[in-house]
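Read-outs: derived from the displayed coordinates by stated rules, not from any lab. Not measured: the values here are computed from a predicted model. Here the Cβ positions follow ideal geometry from the backbone for every residue, glycine too, while neighbour counts run over all protein chains shown.
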Amino acid sequence: MAAALACTCFAGSAFSQNAPTTGPIQAPTGLPGPAPQQQPETWLTRPTLTGDWGGLRTRLLSEGFDFRAGYVNEYAYNFSGGTGIGGDFAQQFAFGADIDLGKTIGLSGGAFHITFNAREGRSTSADFIGNKLAVQEVYGAGENFRLSEFSYAQDLADKKLNVKVGFYPMGNDFATTPILCSFRMSDFARILNPCRTTAAGPITRRPNGVAVYGPTSRMTSTRRSGFMTSTRATPIMTMA
């Protein structure tokens with residue numbers, strides 16, 4: 001009511017030179033209304049779970065340091081068949097950083113990636129099903145804390161060629177598709193590794209699969225086509 005009264009009084013004094021009217025005075029159009037109230041940001045509405053850290057995260061990103069972390073937990077239960085009735089719980093916590101070397105040391109097109117992850121739990125496939133392709137993607141390759149990526153990537157030839165070397169899972173670059181991002185069987189989620197960090201946006205990187213040493217090169221001819229090759233030292237893998 002106070003806001004409406006103030007507006008009416010302002011309008012009356014501003015248009016005092018106009019001819020008198022017999023009808024009610026109309027407030028002029030085009031005046032700015034009250035500013036919309038900004039809703040406080042919560043962990044449900046902000047783009048990241050931990051927020052901006054009081055502006056520190058944005059400042060670090062502008063200086064070339066992009067920190068990330070993720071947690072996945074999976075419970076699988078076998079109701080019938082297999083080797084027994086029951087279920088197991090498995091979990092994975094991963095954290096790391098992507099460092100833009102162009103912003104940090106002036107090396108244009110260079111990037112450094114490092115990721116650690118810790119896996120704990122047991123496998124429902126091994127304990128109750130007996131199948132080869134584990135139904136929990138975060139189980140396997142050692143239930144321990146380990147380095148899962150340590151790599152350096154460099155753009156060349158006006159970003160038409162990217163060369164990457166280091167220690168990282170094959171699925172970080174090869175055979176990726178967002179279609180299978182919600183599947184949790186190791187055959188889909190670990191080998192195809194669909195959830196990954198790209199230049200297009202902050203897609204969660206899952207350090208699935210086994211990290212190995214090797215170079216990767218990617219050549220882009222157009223916006224929609226390209227060529228990629230890699231030479232990797234492939235270890236013997238177990239799917240349990």
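Specify whether the C-alpha gyration tensor of the stretch 95-160 places it in the rounded, prolate or oblate class, a ≥ b ≥ c being the square roots of the eigenvalues: rounded for a/c under 1.5, otherwise prolate if a/b is larger than b/c and oblate if not. Here the stretch 95-160 falls in the prolate category. Here's the list of aspartates and glutamates a cross-link from residue 103 could span, going by alpha-carbon distance under 18 Å and ignoring same-chain residues fewer than 8 apart: 63, 66, 155, 158.
Net charge near residue 77: determine it from the other residues with C-beta under 12 Å of the C-beta of residue 77, scoring Lys and Arg +1 and Asp and Glu -1.
Here the count lands on -3.
Protection proxy ranking of 66-74, 111-119, 45-53, by the mean of other Cβ atoms within 10 Å over each peptide's residues and highest first, is 111-119, 66-74, 45-53. Each residue of the stretch 141-152 was assigned a 3J(HN,Hα) from its phi angle through the Karplus expression (A = 6.51, B = -1.76, C = 1.60, θ = phi - 60°), giving 6, x, 8, 7, 9, 8, 7, 10, 7, 8, 9, 10 Hz with x at Gly and Pro.
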